[in-house]
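Here's the structure, in structure tokens; my notes come after.
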Amino acid sequence: MHSILPAAAPPVRAPRHAPVAHLVRGGVVEGVHYGSVVVLDADGRVAFGLGDPEAAFYPRSALKPVQAVAMVRAGLPLDGDLLSLAAASHSGEERHLEGARRILERAGLTEDHLRNVPDLPFDPAVRDTWVRAGRGPSRLAQNCSGKHAAMLYTAKLNGWSLDDYLDPAHPLQQAVAETVEDLTGRRVATVTVDGCGAPLFAVSLEGLARAAARIAAGAPGTPERRVADAM
């Protein structure tokens, strides 16, 4: 248990984005891109903000390093290339598929245990080669298979059930939610399902920046530092 309780969840609202970039051609502004920006100082205070960095949003795959920290905290023994694969989206190259297989093999599992959504490789060139070879969508080729293989490995190590490892009520996902709240410093605003089938937690942009900073600045030997070093 962590001694510092997370602050209240960020507000769920239409984000109050601001202009962050102009598309200019021949001296004429052709388009305006809206978004939000936040920069934290070394003490975690907001040094610069633009738009609405406090509004809740779904960070999608940007949350993968936080999920990886949660798994390492729960006993995941990976480091190096396999931990970086667990903390990332991949493009479907053979080295990525082989890495996901190695994680599953360490857990005594196979591709059949994966519950992520089958897909074609993300990289266009790899995908074209895949299709020309007559291969269809697969769970291993989907860009989140490294994370899912690591989730299964973590569940297996802890004696947790495997078939429902993507259920938000599963001990694994509860551990992920706790780590999200710990690293962001805020309670999760709401939960949905990501494109790969895993639970996705709504945080603020400021909270995500704080989590990234804590991972990057983690002390040697901590789960945060292990994930940062692997990446």
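Keeping the other protein chains in place, figure out the carbon and sulfur percent of the accessible area of the chain, with a 1.4 Å probe.
Carbon plus sulfur share of accessible area: 55 percent.
Taking +1 at the Cβ of each Lys and Arg and -1 at the Cβ of each Asp and Glu, which of PRO171, GLN142, VAL12 sits farthest along the dipole of the chain towards its positive end, judged by Cα position relative to the Cα centre?
Comparing the listed Cα positions along the dipole, VAL12 ranks first.
Less than 10 Å Cβ to Cβ from ALA230, Lys/Arg counted +1 and Asp/Glu -1: what total charge do the surrounding residues give?
Around ALA230, the charge tally is -1.
Hydropathy at least 0.5 by Kyte-Doolittle, axial extent at least 30 angstrom from the Cα trace: which helices of the chain, defined as entire DSSP H runs, fit?
Helices passing the filter in the chain: none found.
Given H placed on each backbone N at 1.01 Å, which residues far from ASP119 in sequence or on other chains put an amide H within less than 5 Å of it?
SER138, ARG139, ALA141, GLN142
Below 8 Å between Cα atoms, with a sequence gap of 6+, how large is the relative contact order for the chain in percent?
Value for the chain: 25 percent.
Suppose every Lys and Arg Cβ carries +1 and every Asp and Glu Cβ carries -1, with no other charges. What dipole size does the range 1-58 come out with about its Cα centre, to the nearest 20 debye?
140 debye
Just how large is the dipole of the range 39-130 about the Cα centre, in debye to the nearest 20, putting +1 at every Lys and Arg Cβ and -1 at every Asp and Glu Cβ?
Magnitude of the dipole: close to 260 debye.
Given the DSSP H assignment, sum -39500 (n - 2.57) over each helix run of at least 4 residues in the chain and divide by its residue total; what's the result at 222 nm in deg cm²/dmol, nearest 500?
-11500 deg cm²/dmol
Might you work out the accessible area of TYR34 for me, using a 1.4 Å probe with all protein chains in place, and round it to the nearest 10 Å²?
We get 140 Å² for TYR34.
Explain nothing, just the number: dipole magnitude of the chain about its Cα centre with +1 on each Lys and Arg Cβ and -1 on each Asp and Glu Cβ, in debye rounded to the nearest 20.
Around 120 debye, computed over the chain.
In whole percent, what relative contact order does the range 136-213 give with Cα contacts below 8 Å and a gap of six or more residues?
Worked out over the range 136-213, it gives 22 percent.
Where does the range 1-118 land on the Kirkwood hydrodynamic radius, alpha-carbon pairs, in angstrom?
Over the range 1-118, the inverse of the mean reciprocal pair distance is 18.4 Å.
The values are calculated or read from the model by the stated rules, or taken from the named source; none is laboratory data. Computed from a prediction, not measured in an experiment: that's the story for all the values here. In this analysis, Cβ positions are derived from the backbone assuming ideal geometry, glycine residues included, and neighbour counts consider all displayed protein chains. All accessible areas refer to the heavy atoms of the entire protein, side chains included, with ligands and DNA or RNA removed. Shrake-Rupley method; radii C 1.70, N 1.55, O 1.52, S 1.80 Å.
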